[in-house]
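**Student:** Sharing a structure, written as structure tokens. Questions coming.
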Amino acid sequence: MATATTHTPPPSGRDPLASPKSTSPSQAGDRIFLGLSRGSGITLLVIMAAIAVFLTYRAVLAIADNEGNFLTTSEWNPAGNPPVFGIAVLAFGTIVSSVIAMVIAVPVAIGIALFISHYAPRRLATPLAYVVDLLAAVPSIIYGLWGAIFLVPYLDGLNKWLDQYMGWTYVFDKSGEGVARNMFTVGILLAIMILPIITNVTREVFLQVPRMHEEAALALGATRWETIRMSVLPFGRSGIISASMLGLGRALGETMAVAVVLSPNFIISGRLLDPGGGTFAQNIAAKFNEANEYGRDALIASGLVLFVITLLVNGAARWIIARRKEYSGANA
């Protein structure tokens, strides 16, 4: 009867049958890649922290000598004696124009993405996708010039129509005459600018939907729209939210296009068709060159608020995605 033998390591603790310790090229590559990735993440955090510290330091210098309430004052005169400035108008204009842009752009972008990915034939979908990609590459100053020269004159008729039939809502009540250099026009222009970004990301997400999900829905007798509603849209929810936040980030920080189209003033008005208003980025671009050192600190303080708003928006998007497990494509 054969007996099992066991291998006992020598007293030194080293097993002579074990293979010598070596580092393969793949392991070395993994270590290098891990180090580079970790260093990139740390570098990003350091840059963000440096920006936050710089903005905070300069903002504190400005706010300390401000005679007005920085959050509620509807005036911008840091060169006055005493200096008085606040971000109430800028915050209102930035949020209102961005909301208008999102309300217009997101549904249209989802529709275009669905058409390219699930409805259009390939010979039409491919060139249409290229056109959308090209729109995303157009500089913002070009959009601004087009908006000032073409969009503003042609929106005058729409403003009059809204005033006539929707003026009872107060939001579309136009109190006087004037060209359409208002927050409503800015919102439409921003919607056109962020439309390609939201469309491109959403389209790529829709193209990643597992084919078996769609075939299973079709096999159960679902129509094409029912298949999209039950299989495509649930799978792409996280992508739609991410794309929308990217578009919102551009809308919040857009500068040149808004500066060219808008006739700024420091009046908060719920009438979207009245000329005037302002945004953080537009105000910084318009006043930075002519401002003295204290005025630049005041502009930097407003930039800090925009910085915080952007971080909160992106953080809220990540929180929504993490909180709702069904937004994950793996669970669709």
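The values are calculated or read from the model by the stated rules, or taken from the named source; none is laboratory data. Remember, predicted model here, so these are calculated numbers, not experimental data. Cβ placement follows ideal geometry from the backbone for every residue including glycine, while neighbour counts extend to all protein chains displayed.
**Student:** Within the stretch 63-76, is there a residue that is assigned to a helix (DSSP H, G or I) and surrounded by 13 or more Cβ atoms within 10 Å (Cβ to Cβ)?
**Tutor:** Yes, that holds for at least one residue.
**Student:** In the set Ala50, Ala59, which member is modelled with pLDDT of 85 or more, loosely packed, with under 11 Cβ neighbours inside 10 Å and closer than 19 Å to Leu304 by Cβ?
**Tutor:** Ala50
**Student:** For a quick check of your reading of the model, give me the residue pairs whose first member lies in the stretch 68-83 and is at negative phi and of a type in the set (A, V, I, L, M), whose second is part of a loop (DSSP other than H, G, I, E, B) and surrounded by 13 or more Cβ atoms within 10 Å (Cβ to Cβ), with beta-carbon atoms closer than 7 Å and at least 6 apart or on different chains.
**Tutor:** Cβ pairs passing all conditions: Leu71/Gly86; Leu71/Ile87.
**Student:** Which count do you get for residues in the stretch 122-155 that are more than 27 Å from Phe206 (Cα to Cα), surrounded by 14 or more Cβ atoms within 10 Å (Cβ to Cβ) and in contact (Cβ under 8 Å) with a residue 24 or more places away in the chain?
**Tutor:** Here the count works out to 9.
**Student:** Out of the helices (runs of 4 or more DSSP H) lying entirely within the stretch 184-263, which hold 2 or more residues that are touching a residue at least 24 places away in the same chain (Cβ under 8 Å) and more than 27 Å from Leu155 (Cα to Cα)?
**Tutor:** Hits in the stretch 184-263: 237-253.
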